[in-house]
Amino acid sequence: MPNTVTSTSGRELDAVSDAIDEVNVIKGKMWDDKSEFDEGLDKARFRDYDAACDRVKAFYKEQHEKQTVAFNIKARVDFKSRKRGRMGVWEAIELLNTLIDESDPDTSMSQIEHLLQTAEAIRRDGKPEWMQVAGLVHDLGKLLLLFGSEGQWDVVGDTFVVGCKFSDKIIYPETFKNNPDSNDSVYSTEYGIYKPHCGLDNVMLSWGHDEYLYNVFKDQSTLPVEALAMIRYHSFYPWHREGAYSHLTNDKDKEVLKAVQAFNPYDLYSKSDKPCDVDALRPYYQGLIAKFFPPVLDW
């Protein structure tokens with residue numbers, strides 16, 4: 001059974017996660033010109049950039065100091081060596097909602113409503129069912145907070161490649177100075193432990209909810225490559241927004257990049273205080289879940 005986590009921990013994770021999203025909203029721009037759901041959206045409703053930065057910079061300082069190659073190897077060994085639970089996808093959504101039920105003061109939206117709002121925005125734009133499902137499940141990796149994460153820094157936040165020089169396209173790159181890998185004779189070089197254009201399938205991304213959920217789903221679903229990329233890379237802003245790591249990517253990555261960029265607006269801009277009717281939407285999304293997932297998964 002999952003570990004018990006206090007509602008305070010859940011609220012703290014939600015607040016940090018929301019602040020991270022808000023910084024990305026303000027820094028970013030729309031990548032998918034064909035997304036229609038947010039036309040006329042008042043971006044000013046998001047919190048002030050400087051206020052969000054204070055919280056987010058402290059978070060990233062800890063994340064950037066602790067996300068080392070050694071930690072990432074350990075996290076992956078731990079993932080493969082034990083099962084954290086067995087449940088269906090909708091059950092996991094409901095479990096996440098109990099973890100993060102009260103959100104920060106700027107929104108009254110629960111986690112399940114964010115997932116449904118993301119999926120519904122994709123659905124209204126007439127996108128395929130597999131993309132709707134990707135929107136519905138993309139943040140389920142935050143269950144790591146229940147499953148024994150070391151903190152918030154190994155659950156949320158923008159992701160990046162470890163094992164080579166930390167890109168200057170990562171948010172707050174100066175905060176890597178106390179990461180021991182920054183002074184490693186191999187890990188601090190441009191290619192590090194990788195070969196040119198080896199492809200993102202062959203690199204280690206910083207461990208968090210994206211990488212965890214991708215590893216859960218890649219062998220336990222029939223989601224297409226594009227959907228798995230949306231899940232794995234939706235927080236990989238140095239790549240999908242800033243254009244970093246071109247020396248490591250290959251032709252496959254160039255193709256899935258289009259899907260990740262198309263997904264990003266739905267993740268960032270679909271949040272609204274208008275509640276979803278969970279009971280009304282449940283049958284539709286349970287039907288979609290059944291098309292792409294077995295009844296029970298190992299987590």
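All of the numbers you see were taken from the coordinates with simple rules; none came from a lab. Because the structure is a prediction, the values reported are computed rather than measured. When we count neighbours, we look across all protein chains shown, and the Cβ atoms used for this are built from the backbone with ideal geometry, even at glycine.
Could you sort the peptides 161-169, 227-235 by per-residue average Cβ neighbour count (10 Å cutoff), highest mean leading? Let's see the in-between values first.
Values: 161-169: 18.9, 227-235: 25.9.
Descending packing order for the listed peptides: 227-235, 161-169.
May I ask you to evaluate 6.51 cos²θ - 1.76 cosθ + 1.60, the Karplus curve with θ = phi - 60°, for each residue of segment 248-260 and list the ³J(HN,Hα) values in order in whole Hz, giving x for glycine and proline?
Karplus-based 3J(HN,Hα) across segment 248-260 equals 10, 7, 10, 5, 4, 4, 5, 6, 6, 4, 4, 5, 5 Hz.
Karplus couplings for segment 79-85 from phi (6.51 cos²θ - 1.76 cosθ + 1.60, θ = phi - 60°), rounded to Hz, Gly and Pro as x?
4, 6, 8, 8, 9, 8, x
Once you treat every alpha carbon in segment 164-214 as an equal point and sum by Debye, what is log10 I(q)/I(0) at q = 0.19, 0.30 Å⁻¹?
For segment 164-214, the Cα-only Debye profile gives -0.76, -1.19.
Starting from the amide H of Gly208, placed 1.01 Å from N in the peptide plane, find each other amide H under 5 Å away whose residue is 5 or more places distant or on another chain.
none
For segment 195-207, what does the Karplus curve 6.51 cos²θ - 1.76 cosθ + 1.60, with θ = phi - 60°, yield as ³J(HN,Hα) per residue in whole Hz, taken in order and with x for Gly and Pro?
9, x, 6, 5, x, 5, 4, 10, 10, 9, 8, 3, 6
Amide H of Leu297: which non-local residues (sequence gap of 5 or more, or other chain) have their own amide H closer than 5 Å, using H built in the peptide plane?
Those lying under 5 Å, H to H, from Leu297 are Met87, Gly88.
State, to one decimal in nm, how far the label point of Lys291 lies from the label point of Asp277, with both points 7 Å from Cα in the Cβ direction.
Computed distance between label sites Lys291 and Asp277 equals 2.2 nm.
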